[in-house]
Amino acid sequence: MPRPISATVSLPAMRHNLALARERAPGRFVWAVVKANGYGHGLSNAARGFAAADGLALVEFDGAAQLRREGWRGPVLMLEGAFEAADVEQAARERLSLVVHEERQVDWLAALERPASIEVFLKFNSGMNRLGFRHDAFRAAFARLASLAAVGRVTLMTHFANADLEGGADEAMRRFEAAAAGLEAGRSLANSAATLQLPGTHGDAIRPGVMLYGATPFGEGDARSLGLRPTMRLESRLIAVQQLEPGEAVGYGSTFRAERPMRIGVVACGYADGYPRHAPSGTPIAVDGVRTVTVGRVAMDMLMVDLGPVPGAGPGSAVELWGELVPIDAVARSSGTIGYELMCAVSQRVPVRVEDDAAG
Ligand SMILES: *Cc1c(COP(=O)(O)O)cnc(C)c1O
């Protein structure tokens, strides 16, 4: 029998979240971001769940090739653009749109001999200081791109460093507007946080990612209060139960010690499955549909839970690590990270199941 752990991906929840992004930015082109293997949900599953998106955006060229092989005919946007000249060839062949954030990438386009009409998203550095051109270089790159036979439509884009904070995109917007002044082109600026709370940034095309997977882009609150549905349920089972006497400890390092007699459940899930090793005792988890907490240090293949609130539980009982009962945002916050990292970290050895409804 396989180990009882699994991740279940809900296509109806993905469709619901995509519809919500559209509702927030009516009439805009929606790029559903599917990088990092669809934020850990599986690239093919993400392409199915977001089949109603206007385009799919990612950073991996082998992923883009996979999308084409599997029949996605719509636009595909490469968010980091080309990494080498051969990527521009692939873009021309497979009709991929390219972010251009660096001079070298313009050179590769210039070197493509045949006309190709590659759609370009010219990236402005609005203050993140990671990728993109500053004011003068941005305007110069725009002019140069317009003269290239390999280049089709050019859209102006930026990526906000602080769209999740109150007023966090104001300065970035001022810089972007100044750099874009007078340039005839569409605009794409908004990630999930900006899609949800900064309508002034919606421009022509939004690029929501994490919200589509039912996690919050914000530091507080959870996705449900934003109207989003969780798209991934990480589940396993208890494989053992221990009765602890007062003073006895559980797990590596004996970091948790019972103060009273306690029933402890051992869950077949550990950091090698993608569960965060830094999750402290007290991280929320559910057993047989009842919320309880983890105790002790997360190990490679196992973690432990307090069965106090679930006296009927025993070996074989169902455990939800995150999903409907336990928001991924809550596990992330308890572990000092964000939902993004948890979903991306679900590992190869966890089988992924897909849930669909009749309409799928
Ligand atoms: C990942 C990414 C997004 C999506 O960000 P979320 O915070 O997940 O919505 C949007 N734009 C770019 C350029 C990205 O790399």
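The values are calculated or read from the model by the stated rules, or taken from the named source; none is laboratory data. These figures come from a predicted structure and were not determined experimentally. As a convention, Cβ positions derive from the backbone with ideal geometry for all residues, glycine included, and neighbour counts pool all protein chains shown.
Values as computed for the structure displayed
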quantity: Enumeration of residues in segment 131-163 that are surrounded by 21 or more Cβ atoms within 10 Å (Cβ to Cβ), touching a helix residue (DSSP H, G or I) at 6+ places or on another chain (Cβ under 8 Å) and part of a helix (DSSP H, G or I); calculated: PHE138, ALA141, LEU145
quantity: Segments classed as strands (runs of 3 or more DSSP E), wholly inside segment 231-340, with at least 1 members that are surrounded by 19 or more Cβ atoms within 10 Å (Cβ to Cβ) and among the charged types (D, E, K, R); calculated: 232-244, 303-306, 318-322
quantity: Residue within segment 231-248 that is within 16 Å of the ligand (Cβ to nearest atom) and modelled with pLDDT of 95 or more present; calculated: yes
quantity: Which listed residue is small (Gly, Ala, Ser) and in the same structural domain as GLY186 (by TED's automatic domain parsing), from GLY209, GLY251, GLY247; calculated: GLY209
quantity: Test: residue in segment 104-111 that is more than 16 Å from the ligand (Cβ to nearest atom), surrounded by 17 or more Cβ atoms within 10 Å (Cβ to Cβ), free of Cβ contacts under 8 Å to residues at least 40 places away in the same chain and charged (D, E, K, R); calculated: no
quantity: Answer from LYS123, LYS35 - the residue that is in the same structural domain as LEU148 (by TED's automatic domain parsing), more than 30 Å from VAL354 (Cα to Cα) and within 16 Å of the ligand (Cβ to nearest atom); calculated: LYS123
quantity: Those residues of segment 185-225 which are of a type in the set (S, T, N, Q) and touching a strand residue (DSSP E or B) at 6+ places or on another chain (Cβ under 6 Å), in sequence order; calculated: SER188, THR195
quantity: Flag for ALA86 being part of a helix (DSSP H, G or I) and buried (at least 17 other Cβ atoms within 10 Å of the Cβ); calculated: no
quantity: Some residue of segment 13-32 being outside any helix (DSSP H, G or I) and without any contact (Cβ under 8 Å) to a residue 60 or more places away in the chain; calculated: yes
quantity: Residue among LEU56, LEU67 that is outside any helix (DSSP H, G or I), within 27 Å of ARG153 (Cβ to Cβ), in contact with a Leu (Cβ under 7 Å, 6 or more places away or on another chain) and not assigned by TED's automatic domain parsing to the domain that holds VAL319; calculated: LEU56
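For every residue, the table says whether it meets (1) surrounded by fewer than 24 Cβ atoms within 10 Å (Cβ to Cβ); (2) within 16 Å of the ligand (Cβ to nearest atom); (3) over 19 Å from PHE138 (Cα atoms).
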{"residue": "GLY168", "(1), (2), (3)": "yes, yes, yes"}
{"residue": "ALA180", "(1), (2), (3)": "yes, no, no"}
{"residue": "LEU183", "(1), (2), (3)": "yes, no, no"}
{"residue": "GLN197", "(1), (2), (3)": "yes, yes, yes"}
{"residue": "ILE206", "(1), (2), (3)": "no, yes, yes"}
{"residue": "LEU212", "(1), (2), (3)": "no, yes, yes"}
{"residue": "PHE218", "(1), (2), (3)": "yes, yes, yes"}
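Let's see how each residue does on (1) without any contact (Cβ under 8 Å) to a residue 12 or more places away in the chain; (2) within 13 Å of the ligand (Cβ to nearest atom); (3) acidic (Asp, Glu):
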site: SER6; (1), (2), (3): no, no, no
site: LEU56; (1), (2), (3): no, yes, no
site: ARG69; (1), (2), (3): yes, no, no
site: TRP72; (1), (2), (3): no, no, no
